[in-house]
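J.: Next up is a structure, given as structure tokens.
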Amino acid sequence: MERDRYAPGTPSWVDLGSPDIEASTAFYSSLLGWEVAEAHPAAGGYRIARLRGLTVAGIGPQQGPMSAWTTYFATDDADAHAEAVTAHGGTVLMGPMDVMDQGRMVISTDPEGAAFGLWQAGAHTGAQVIGEPGAVGWNELWTRDVDQAKAFYPAVFGYTADDDAMAGYTIWNADGQMIGGAMTIPPDMPPQVPAHWAVYFVVDSVDASAARVTDLGGAVVAPPFDVEGVGRIAMVHGPAFESFGLFSP
């Protein structure tokens with residue numbers, strides 16, 4: 001599906017903070033069929049991944065203590081949304097700041113520490129294709145305090161939380177549209193696994209792509225499994241141990 005705009009509060013972009021941009025570029029290009037090129041000579045090495053010439057994701061230098069995918073939510077006013085984040089118990093880590101003529105950015109965390117971005121579009125409106133093989137298909141909060149999340153995100157973004165669609169799972173809705181989900185971090189996960197926003201990429205075959213992850217130097221964390229009425233999923237690590245999901249509807 002091609003997109004040229006995103007309503008406020010909708011996930012509009014994802015990017016990877018990598019300790020080895022070349023290795024990450026090779027990995028994801030081989031796995032997802034991306035064409036990756038430097039965004040701009042003044043962008044500090046940040047790269048844009050494309051499918052059919054359309055933007056799907058970014059890869060840039062690692063900023064925090066670990067490599068991770070970041071989900072960005074569209075906003076019409078990054079400054080106002082940054083204020084809302086802090087007003088409701090979150091933390092602003094970076095910004096608001098202008099990124100050349102591309103847009104205005106904020107990096108923040110929710111009260112539990114799950115990192116996310118805010119993106120006020122300029123020349124860069126976000127991912128131009130979603131929901132098809134090689135592109136993002138779903139964004140999902142992993143948390144140990146769902147009740148806290150259900151207070152924070154609706155207050156900041158105006159979401160409603162639907163717990164009836166799937167037992168034990170929360171669907172975020174904005175203006176009647178599903179825009180993401182939330183789940184409790186499984187109890188068998190190590191305690192050092194932080195709250196985070198997981199990114200799922202659509203693939204034609206989860207099983208084949210999971211096997212490809214291993215061949216390319218990543219690792220399969222949760223082997224392919226079926227979710228009734230949703231599709232087939234696997235959770236994997238990339239070459240810098242960043243986690244992400246593979247999804248086939």
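J.: Measure off 7 Å from each Cα along the Cα-to-Cβ vector at residue 175 and residue 76, then give the distance between these two points in nanometres to one decimal.
T.: In this crude spin-label approximation the distance works out to 0.9 nm.
J.: Still on this structure, I have one more. Tell me, what ³J(HN,Hα) does each residue in the range 192-205 have, in order and in whole Hz, if you take phi through Karplus 6.51 cos²θ - 1.76 cosθ + 1.60 with θ = phi - 60° and put x for Gly and Pro?
T.: Here the 3J(HN,Hα) series is 6, 5, x, 4, 6, 8, 7, 10, 10, 9, 6, 9, 5, 9 Hz.
J.: So what J values fall out for the range 151-157 if you push phi through Karplus, 6.51 cos²θ - 1.76 cosθ + 1.60 with θ = phi - 60°, rounded to Hz, Gly and Pro as x?
T.: Once rounded to whole Hz, the list reads 8, 6, 5, x, 5, 7, 10.
J.: Taking a label point 7 Å from the Cα of residue 162 along the Cα→Cβ vector, which residues of the range 226-249 have an amide N closer than 17 Å to it?
T.: 228-231
J.: Here is a further query. List residues of the range 52-79, by number, whose backbone nitrogen lies under 14 Å from a label position 7 Å along Cα→C-beta of residue 219.
T.: The answer is 67.
J.: List every residue whose amide H lies under 5 Å from the amide H of residue 57, counting only residues 5 or more places away in sequence or on a different chain, with H placed 1.01 Å from N in the peptide plane.
T.: Residues meeting the criterion, in which the H sits 1.01 Å from N, are 49.
J.: Treat each spin label as a single point 7 Å out from the Cα along the C-beta direction, and report the residue 189 to residue 144 distance in nm.
T.: Here the answer is 1.0 nm between the modelled labels.
J.: Here is a further query. Could you tell me the largest-minus-smallest coordinate of the C-alpha atoms of the range 118-190 on each of the three principal axes, in descending order and whole angstroms?
T.: Taking the Cα atoms of the range 118-190, the three principal extents are 41, 29, 24 Å.
J.: Based on the Cβ-Cβ distance from residue 98 to residue 151, what FRET efficiency comes out when R0 is 41 Å, to the nearest 0.05?
T.: In this case the efficiency is close to 0.85.
J.: A further question follows. Could you derive backbone 3J(HN,Hα) for the range 172-180 from the dihedral phi with the Karplus parameters 6.51, -1.76 and 1.60 (θ = phi - 60°), listing whole Hz in sequence and x where the residue is Gly or Pro?
T.: Going residue by residue, I get 8, 10, 10, 6, x, 10, 5, 10, x Hz, with x marking Gly and Pro.
J.: From the helices alone, meaning DSSP H stretches of at least four residues, give me the mean residue ellipticity at 222 nm for the chain, per-run term -39500 (n - 2.57), in deg cm²/dmol to the nearest 500.
T.: -5500 deg cm²/dmol
J.: Want the number for residue 227 to residue 40: 0.36 nm per residue separation, take away the alpha-carbon distance, what's left?
T.: In short, 63.3 nm is gained.
Computed from the coordinates by the stated procedures, all read-outs in this text should not be read as laboratory data. Note that this is a predicted model, so its numbers are computed, not measured. FYI the Cβ positions are ideal-geometry reconstructions off the backbone, even for glycines, and counts take in every protein chain you see.
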